[in-house]
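Reading through the structure tokens given below for one structure.
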Amino acid sequence: MTPRVGVITFPGSLDDKDAARAIQLAGGISVALWHAEADLHGVEAVVLPGGFSYGDYLRCGAIAKFSPVMEKLVDAANGGLPILGICNGFQVLTESHLLPGALTRNDHLHFICRDQKLRIENNNSVWTSDFEIGQEILIPLKNGEGGYVADEKTLDELEGEGRVIARYLEINPNGSRRDIAGITNAHGNVVGIMPHPEHAVEKLTGPSIDGLGFFTSLLKSLVNEGKVTA
Amino acid sequence: MAIVVVDVALKHEILDPQGRAVMGALVRLGLTGVADVRQGKQFVLNIDGDVDEAKLAQIHEIASTLLSNSVIEDFTVQVRP
């Protein structure tokens, strides 16, 4: 059976279609999930896409965390369901306390949109197992509030437990502490990343196809765990 | 009718680039002696009827879960007569 991966659409989500396409290119079936519906439709994994959920009013991701679908998702995440939060999705995951820290206004105040080089630091997570540690990838970055912050103790814990999954290379585009671009939870099933792997899955439209690795990692992990067959 | 005011501010150790930009403008406008500017948010809740302890506790709960993010922000709640 081909893995079914849900993509949640909130009012103001932008990249849900791209995320769905990336899932399909990686060999999965994408399933549209709706913020107002407290139902994950039995999917084997979920992507929280980029955009501006609920207009980013109050704080990015703050209102989305109280949507009906998120209650189900938080329970599922704690039960081990693989979840990838990209950009606004990462913000939703930190606001929901599924990942530590917070994303704050870029230190230079500008919205930034560029192709960003990253170094993969952890290939134990469900979403990064198809990469080599130290592998350099190039994927688009586009955010106004992408500065990753956490207290020193949390940052030390993340480093000590190898939970930084990717770091910015050459330039720190938004003032993120310790150049952190993405992190995972302790279990390795929940990953948040600020740049956009789903925009780097086809040569025609992306700067590379490096982003595809996040989605192929997931599908291979699901097969290896016996949740689905290849 | 009562008014409850929730003020939310970034914790002092969190960089406030917006406050820093405002600070730059203050200096350009010739205001001297300003050591620092922090930008925050204020929520003004107009409540029908009295604000009893239960209501206030509920507002505190919402201030800590929705109106502020405890990772980066502190908040205060004041009841105005």
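Could you please state, rounded to a whole Å, how far the C-alpha centre of the range A:95-119 is from the C-alpha centre of the range B:20-81?
Their Cα centres are 24 Å away from one another.
If I take every Cα pair under 8 Å that is 6 or more residues apart in chain A, average their sequence separation and divide by the length, what percent do I get for the relative contact order? Could you put the intermediate results ahead of the total?
Values: 567 pairs, mean separation 48.5, N = 230.
Contact order relative to length: 21 percent.
Quick one: putting +1 on the C-beta of Lys and Arg, -1 on the C-beta of Asp and Glu, what dipole do you get for the range B:13-55 around its Cα centre, in Debye to the nearest 20?
Roughly 480 debye for the range B:13-55.
If each residue's Cβ is checked for other Cβ atoms within 10 Å, how do B:Phe43, A:Phe215 rank with the fewest at the top? Provide the component values of the computation, followed by the final result.
Details: B:Phe43 18, A:Phe215 28.
Ranked by crowding around the Cβ, least crowded first: B:Phe43, A:Phe215.
³J(HN,Hα) across the range A:8-15 via Karplus (A = 6.51, B = -1.76, C = 1.60, θ = phi - 60°), whole Hz, x for Gly/Pro?
Running phi through 6.51 cos²θ - 1.76 cosθ + 1.60 with θ = phi - 60° gives 8, 9, 9, x, x, 5, 10, 9 Hz.
What residues have an amide H closer than 5 Å to that of A:Gly211, excluding those fewer than 5 places away on the same chain, when H is modeled at 1.01 Å from N in the peptide plane?
When sequence neighbours closer than 5 places are left aside, the close amide H contacts are A:Ala200.
Can you give the log10 of the normalised intensity I(q)/I(0) at q = 0.15, 0.18 Å⁻¹, computed with Debye over equal Cα scatterers of the range B:2-80?
Taking Cα atoms of the range B:2-80 as identical point scatterers yields -0.63, -0.78.
Within 10 Å of each residue's Cβ, count the other Cβ atoms and sort A:Trp127, A:Trp34 from fewest upward. Walk me through the numbers before you get to the answer.
Details: A:Trp127 30, A:Trp34 14.
So the residues, fewest neighbours to most, are A:Trp34, A:Trp127.
Say the dipole of the range B:2-80 comes from +1 at the beta carbon of Lys and Arg and -1 at that of Asp and Glu; which of B:Met23, B:Gly40, B:Thr76 then lies farthest toward its positive end?
Farthest towards the positive end: B:Met23.
Which log10 I(q)/I(0) values does the range A:36-77 give at q = 0.16, 0.24, 0.26 Å⁻¹ under the Debye formula, counting every alpha carbon as one identical point scatterer?
Log-scaled intensity ratios, in q order: -0.43, -0.88, -0.99.
Please get the size of the charge dipole for chain A, origin at its Cα centre, with Cβ charges of +1 on Lys and Arg and -1 on Asp and Glu, quoted in debye to the nearest 20.
Numbers: 19 positive and 29 negative charges, 59 e Å.
With Lys and Arg at +1 and Asp and Glu at -1, about 280 debye.
Could you tell me which of A:Gly12, A:Gln116, A:His196 has its Cα farthest along the dipole of chain A towards the positive end, charges placed at Cβ (Lys, Arg +1; Asp, Glu -1), taken about the Cα centre?
Looking along the dipole axis, the top candidate is A:Gly12.
Show me, for the range B:9-26, the HN-Hα J-couplings you get by feeding each phi into the Karplus relation (A = 6.51, B = -1.76, C = 1.60, θ = phi - 60°), rounded to Hz, glycine and proline as x.
Values, residue by residue: 9, 4, 4, 4, 7, 8, 4, 10, x, 5, x, 5, 5, 5, 4, x, 5, 4 Hz.
Check the protein assembly as shown and count each lysine pair with an alpha-carbon distance under 24 angstrom, considering only pairs eight or more places apart or from different chains.
Here the count comes out as 18.
Based on the Kirkwood radius over alpha-carbon pairs, what is the Stokes-Einstein translational diffusion coefficient of the range A:32-145 at 25 °C with 0.890 mPa s viscosity, in µm²/s? Before the final figure, lay out each step's value.
On the way: Rh = 15.3 Å.
Answer, rounded: 160 µm²/s.
For peptide A:151-159, how many partner chain Cβ atoms fall within 10 Å of a residue's Cβ, on average?
Numbers: counts 5, 1, 0, 1, 0, 0, 0, 0, 0.
Per residue, the average neighbour count from other chains is 1.
Taking only Cα atoms, what is the 0 to 90° angle, nearest 10, from helix B:53-62's long axis to the longest principal axis of chain B?
It works out to around 40 degrees.
Sum -39500 (n - 2.57) across every DSSP H segment of at least 4 residues in chain A, then divide by the residue count to get the 222 nm mean residue ellipticity, nearest 500. Mind showing how you got there, number by number?
Details: 5 runs with 51 residues, N = 230.
When only DSSP H runs of four or more count, the value is -6500 deg cm²/dmol.
Whole Å is fine, so just give me how far the alpha carbon centre of the range A:30-86 lies from that of the range A:153-180.
Computed from Cα coordinates, the inter-centre distance equals 24 Å.
With a cut-off of 8 Å between alpha carbons and a minimum separation of six or more residues, what is the relative contact order of the range B:2-80 in percent? Walk me through the numbers on the way to the answer.
Values: 95 pairs, mean separation 43.8, N = 79.
Reported relative contact order: 55 percent.
Assign unit charges at the C-beta atoms only (+1 for Lys and Arg, -1 for Asp and Glu), then state the dipole size of the range A:168-230 relative to its Cα centre in Debye, rounded to the nearest 20.
Numbers: 5 positive and 6 negative charges, 33 e Å.
It comes to approximately 160 debye.
Based on the alpha carbon coordinates of the protein assembly as shown, what radius of gyration and maximum Cα-Cα distance (Dmax) apply, in Å?
When restricted to the Cα atoms of the protein assembly as shown, Rg and Dmax are 20.5, 69 Å.
Here, each number is a calculation from the coordinates, and none is a lab measurement. For clarity, every value in this text was computed on a predicted model and none was experimentally measured. Here Cβ is always computed from backbone atoms with ideal geometry, including for glycine, and neighbour counts include all displayed protein chains.
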